[in-house]
Amino acid sequence: MATLIIIEGPAKDQKFALADHKLVMIGRDASCTIQIVDPQLSRHHLQVATDPDEGRHYVLDYGSRNGISVNGVQIKDRRILGDRDVIEAGTTTIVYSTDDSIDADHVRASLKRYGQGNVHTEVPD
């Protein structure tokens, strides 16, 4: 079962199973499936949804002001997600995992093994 694991930001260490959701909206607004009170997120910042034809998850910027990146690359169109893809939005870093048994500490450790996860977002005062 696919899972979103927040490894950095205001909702750090939270984990969200995607099994029961065809569409997950992420942002600051209380109406979002996953509300993250990150001042650099838009009220409705991004969505993670299931592609009905392929049965795989994809991420899409919902027209946010600051945009999103996947694995360090800013995206404009929807992007199919693979295991351990890193989604960055504002000061929040989310990892998409196909393994629902892992936690945020395990994800952070495995990303460091592969040379990822070493750069932290800095917020100007």
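Taking only the alpha carbons of region 1-90, we obtain Rg and Dmax values of 12.0, 35 Å in that order.
Going from most exposed to least, what order do H21, H45 have by accessible area with a 1.4 Å probe?
Order by accessible area, largest first: H21, H45.
Using the average count of surrounding beta-carbon atoms within 10 Å as a protection proxy, the listed peptides 6-18, 66-78 rank, highest first, as 6-18, 66-78.
The values are calculated or read from the model by the stated rules, or taken from the named source; none is laboratory data. Note that the coordinates shown come from a computational prediction; the quantities given were computed from them, not determined experimentally. Here Cβ is always computed from backbone atoms with ideal geometry, including for glycine, and neighbour counts include all displayed protein chains. These accessible areas exclude ligands, DNA and RNA; they are computed on the full protein's heavy atoms, side chains included. Shrake-Rupley method; radii C 1.70, N 1.55, O 1.52, S 1.80 Å.
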